[in-house]
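See structure below.
The values are calculated or read from the model by the stated rules, or taken from the named source; none is laboratory data. The shown structure was predicted, so the numbers you read here are calculated from the model rather than taken from an experiment. Cβ sites come from the backbone with ideal geometry, for glycine too, and all protein chains shown count toward neighbours. With ligands, DNA and RNA removed, areas are computed over all heavy atoms of the protein, side chains included. Shrake-Rupley method; radii C 1.70, N 1.55, O 1.52, S 1.80 Å.
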Amino acid sequence: MPVHGRQTAVGCASGGVLLQIVLLAVVCSTALAAQSRSAAAFELFGLKLWELSSDEDADIVDPLRYTVTIDAPDADEDLAEKLENASALKADEEHPVSGSLGLLAKARSDREQLVAAFYADALYEGVVTITIQGKPLDDLPPDAEFSGPQPIPVVISIAAGPKFTLGNIRLKGDAAGLASADFGLIAGGDASSGAVLKAEAAIVRALKQEGRPLAKVTGREIVAEHAGSTLDVTLTVAAGPVAGYGDTTVEGTEKVDRDFTEYMTGLKRGRQYSPDEIDDARDRLLGLEVFNSVTVKEADALDAEGNIPIGVEVSERKPHHLDLVGSLSSTDGLDLKGNWEHRNLFGPAEKLRIDGKISGIGSNDLSQLNYSAGVMFEKPGVVGPASKFFAGVNTVLEHPDAYDHFSVKGNTGLSYELDKQQTVSAEVALDYSKITDSFGKHTFLIASVPLQYVYDDSRLNPTTGFRALAYAEPSYDILNGAAFVKLRGEGSAYQSLDTASKFVLAERVAIGSIIGAGLQDVPADRRFYSGGGGSVRGYAYQGIGPKDIEGEPIGGLSFFETSVEMRIAVTDTIGVVPFVDAGTVSTRQVPDFSDMKVGAGVGLRYLTAFGPLRIDAAVPLNRGPDDPHFGIYAGIGQAF
């Protein structure tokens, strides 16, 4: 974003061992892949545990080492950090450059980056002066040679100057009728380069929302008024004609069917162009999980029929994937699960996945280990690009405190994305099971129709937004004649309390009820339970709720849970999370709020590319005689 000055130009001058094993196994490959430059290192929670040396520096021709000093006397702590992060000289200080020419080139590039950092902070009088061995960069000849002892001293002197605000704002061309304030361009407002560029993008987007794919900024005049420390902005925009979609062409497919890829964009020829649909097409193709990258781009001109051609470029992922994950709890033991999947079975992105899980590892009785295995098949696009057919078979052998359970279940159904946030699904399922619980031994054959609605506008590690789930499963026991409906609702919300999202308040509420049958007529595995790392921390798994005369949980016909967390970012990768959980389970169809169990504790988070690693420690606040004194839980992802 070039800036013109009217006076002066902007210047350039307990289970601890098991816990460690699980966490190390999970993060090792990511930690190695994330390293760059000279070494591969392993870090966990900010601590470097070991490092592998590299010969990368040895390959540099005529290596020249240097040291950097940044002198920014009028910069506050935040700006000083931004400038240091923008300096490649500082970031690469431990690594030599290739001779004097390499140092000169790096210094000139660094100056441009630092000036850009000034602009990004609305500092348009900032001056950057770089000296090498005491000589200003602009006074050095292109073939300057730096001799003498190494490292060569490099000094970056920074004068930040005043922060600018927006002055006169003018929108011209096809944007003349738009209100600049609607796009954040307000006199006295944020004048940073990022704010201006964001406003430009929003103006173009607004015109594209009218069906104008060729809308663009054709002129930009940015003038820094140094006398008043204001930035005058004039933008000229051309909207272009309203157009429909033309032909969609796909490039980059190898094993994935090209015609299917085009079909899954959902961009029907002749329908009026929409930038939202372009975004949806990209997200839908990425959601197939067969592509590493997807680019959906409009052509530079309309075709002969007045439509806009669409180009899709993809890069395929490897079709096979193996995933191994572990989690650990001081109350529930170690869980290990894995899956193998083929992401493109026949060409149109069909998925075949085989899952397996072993849980309860660490108990004294090996016969009480829990096992599950399943096979799942998915086929996208069966009734439109937003749909997905799925079918699966799953078998379970488990021994929680409440019951012993063996089952074989088959299901098939369809899910449909209403939009980016909303998904609905319906399926039919048949479940044969043998269960031994406090009421005796029983055999069930349950036919059911699970129905689900999900709203989700949050992310893997959300700082804003909310999630909601509504679930209903009408069921009929063919062998015993019982009919019942299981209902469940859950919602979670996330709110950042500061602009940097260093403090995020997270809340969760869940409630459920089973209607139409008594407790004994509902299979034990379909009743409600509470307690453990996924619900109320500080208590054992299924440890909350009614119990039999031997103190074993029997489950309930209703439940209620709630959680509150304050997610505090200590550094960019480490967070601390104090939390309070509460829950109750009742044999009645309505939760009994007079018998709430409450747990509280604190957790540690280590942020990675695939989500936060989580360790939580909690204690029960109204502990019963059979409840543990504390619980420790570890896993991947936030608790909710």
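If only residues of the stretch 401-422 that are outside any strand (DSSP E or B) and touching a helix residue (DSSP H, G or I) at 6+ places or on another chain (Cβ under 9 Å) are counted, the one that is farthest from LEU345 (Cα to Cα) is ALA402. Residue count for the stretch 195-244, restricted to those that are within 13 Å of PHE183 (Cβ to Cβ) and either surrounded by 16 or more Cβ atoms within 10 Å (Cβ to Cβ) or over 31 Å from the mean Cα position of the chain (by Cα) (or both): 12. Looking only at residues of the stretch 328-348 that are under 23 Å from the mean Cα position of the chain (by Cα) and open to solvent by less than 40 Å² (accessible area, probe 1.4 Å), we find that the one that is modelled with the lowest pLDDT is LEU328. A single entry from GLY603, GLY556, GLY543 fulfils the requirement of being in contact with a strand residue (DSSP E or B) (Cβ under 9 Å, 6 or more places away or on another chain), over 24 Å from SER433 (Cα atoms) and of a type outside the set (Phe, Trp, Tyr): GLY603. Taking the criterion of being charged (D, E, K, R), crowded, with 20+ Cβ neighbours inside 10 Å and assigned to a loop (DSSP other than H, G, I, E, B), the residues of the stretch 521-550 that qualify are ARG527, ARG537.
Comparison of SER415, SER433 shows that the only residue that is buried (at least 18 other Cβ atoms within 10 Å of the Cβ), under 19 Å from LEU352 (Cα atoms) and among the hydroxyl-bearing types (Ser, Thr, Tyr) is SER415.
This table checks each residue for (1) touching a Gly at 6+ places or on another chain (Cβ under 6 Å); (2) among the aromatic types (Phe, Trp, Tyr); (3) open to solvent by 50 Å² or more (accessible area, probe 1.4 Å); (4) assigned to a loop (DSSP other than H, G, I, E, B).
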| site | (1), (2), (3), (4) |
| --- | --- |
| ILE70 | no, no, yes, no |
| PRO73 | no, no, yes, yes |
| ALA80 | no, no, no, no |
| ASN85 | no, no, yes, no |
| SER100 | no, no, no, no |
| LEU103 | no, no, no, no |
| PHE118 | yes, yes, no, no |
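The criterion of at least 3 residues that are modelled with pLDDT of 90 or more and open to solvent by 20 Å² or more (accessible area, probe 1.4 Å) is met, among strands (runs of 3 or more DSSP E) falling completely within the stretch 589-637, by 597-608, 611-620.
Out of the residues in the stretch 275-317 meeting the condition of being in contact with a Pro (Cβ under 8 Å, 6 or more places away or on another chain) and of a type in the set (Asp, Glu), tell me which one is nearest to GLU210 (Cα to Cα). Restricting to residues being in contact with a Pro (Cβ under 8 Å, 6 or more places away or on another chain) and of a type in the set (Asp, Glu), the top hit is GLU298. Among the residues of the stretch 573-591, those identified as under 27 Å from the mean Cα position of the chain (by Cα) and of a type in the set (A, V, I, L, M) are ILE574, VAL576, VAL577, VAL580, ALA582. Residue pairs whose Cβ atoms lie under 8 Å apart, separated by 6 or more positions or on different chains, with the first residue in the stretch 83-107 and within 14 Å of THR67 (Cα to Cα) and the second open to solvent by less than 50 Å² (accessible area, probe 1.4 Å) and acidic (Asp, Glu), are SER87/ASP110; ALA88/ASP110; LEU89/ASP110; HIS95/ASP57; PRO96/ASP57; LYS106/ASP92. Just one of the listed residues (PHE390, PHE444) is among the aromatic types (Phe, Trp, Tyr), within 30 Å of GLY347 (Cα to Cα) and open to solvent by less than 60 Å² (accessible area, probe 1.4 Å), and it is PHE390. Total residues in the stretch 132-151 satisfying the condition of being within 30 Å of LEU231 (Cβ to Cβ) and open to solvent by less than 30 Å² (accessible area, probe 1.4 Å): the figure is 1. The C-beta contact set for the stretch 239-268 (first residue farther than 19 Å from PRO213 by Cα, second residue polar (S, T, N, Q) and surrounded by fewer than 19 Cβ atoms within 10 Å (Cβ to Cβ), distance under 6 angstrom, 6+ apart or interchain) comprises GLY252/SER315.
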